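The values are calculated or read from the model by the stated rules, or taken from the named source; none is laboratory data. Since the model is a prediction, treat every value here as computed from it, not as a measurement. Cβ: placed from backbone, ideal geometry, glycine included. Neighbour counts: every protein chain shown. We work out accessible area using only protein heavy atoms, side chains counted, and drop any ligands, DNA or RNA first. Shrake-Rupley method; radii C 1.70, N 1.55, O 1.52, S 1.80 Å.
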Amino acid sequence: MTDLDLRFIGTGNAFAPGGLCWNGFVLEGRYLFEAPPQALQSLNAMKIDANDLDAVVLSHHHGDHFLGLPFLFLQWKYSKRTRPVRIIGPRGTKELATQIGRQVYPGLFDTRFEVEWDELTGGEVATAGALKVFAANVKHDQRLSGTLGFGIEIAGRRLGYTGDSALCDAVLDLARDSEVLVSECASVDETVDVHMNLRDDVPVVRAAMKPEARLILTHLGPGVAAEGLHGVEVARDFGVYRI
Ligand SMILES: [Zn+2]
């Protein structure tokens, strides 16, 4: 079994409780999941070169997951990136990203590298280098163009990421199939119909997983801790994990 490198560029929910960075992680130094507003700042702080990224995988268009994309393009453009980059996300990702990017940094997309946009809905698959992601429609803000969780295949391993979601069948499918599941947990006991909490939902997700599988919580609210929950870890900003 090949060990994988997983690094969290942030772990907070939209309100950045206690000063947490907004949620996102890098797999194998090449695949960035989510583009939170501070993505570039976090990558720089962690000494991860944005030019080494082959792909950015976006679960949905809420600002805490998406609004860092213009800064990544800015870095790629002015560091004279030539390698293509793949942006994977829900329907409408290209239009929204280019609309915002052109407004905030005119000329942002006049680049010497190719941008491969790959828009998915549940049941569709995308690849980027050694990474294969299987999109699942999860239960979040219905007003968005889509919200995805992902089954992830890389180096013969099977991981999962819930994105933002309430507890739903798609999350439980990811839980059953994943050796390591990165799951949102936006609060301790507050009941919000678009998110999961630690008290009611995480035990259900954990129970659906194989005993030896790992559940890593992110997109955290204040006070989320995993004491007493077997096989559950709470991700830390800038945390480095061998999985
Ligand atoms: Zn969201």
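Compute, for the chain, the length of the dipole vector about the Cα centre, with Cβ point charges of +1 (Lys, Arg) and -1 (Asp, Glu) only. Units Debye, rounded to 20.
With Lys and Arg at +1 and Asp and Glu at -1, about 720 debye.
If you line up the long axis of helix 69-78 against the longest principal axis of the chain, both from Cα atoms, how many degrees apart are they, to the nearest 10?
Once rounded, the angle reads 40 degrees.
Name the most mobile residue of Thr147, Thr191, Thr93, meaning the one with the largest mean-square fluctuation, in a Gaussian network model of the chain with Cα contacts below 10 Å.
So, out of Thr147, Thr191, Thr93, the one fluctuating most is Thr191.
How large is the accessible surface per residue of the chain, computed with a 1.4 Å probe and reported in Å² as a whole number?
42
Hey, what number do you get for the chain at 222 nm if only DSSP H runs of n ≥ 4 count, each worth -39500 (n - 2.57), divided across all residues, to the nearest 500?
Value at 222 nm, helices only: -5500 deg cm²/dmol.
Quantify, in whole percent, the carbon and sulfur part of the accessible surface of the chain (1.4 Å probe; protein heavy atoms only).
It is 51 percent, rounded to a whole number.
Compute the distance from the alpha-carbon center of region 67-102 to that of region 118-169, in whole Å.
So the separation of the two Cα centres works out to 19 Å.
Which of the lysines could be linked to Lys77 by a straight reach, that is with a Cα gap under 24 Å, when you skip same-chain ones fewer than 8 residues away?
Within reach: Lys47, Lys94.
Mind grabbing the base-10 log of I(q)/I(0) for region 5-237 at q = 0.09 Å⁻¹? Debye formula, identical points on the C-alpha positions, no solvent, two decimal places.
Listed by q, the Debye log ratios stand at -0.33.
Cα axis of helix 93-104 to longest principal axis of the chain: angle in degrees, 0 to 90, nearest 10?
60
Which of His140, His219, His60 moves the most in a Gaussian network model of the chain with Cα springs under 10 Å?
His140
Which of His65, His230, His195 moves most in a GNM of the chain, Cα contacts under 10 Å?
His230
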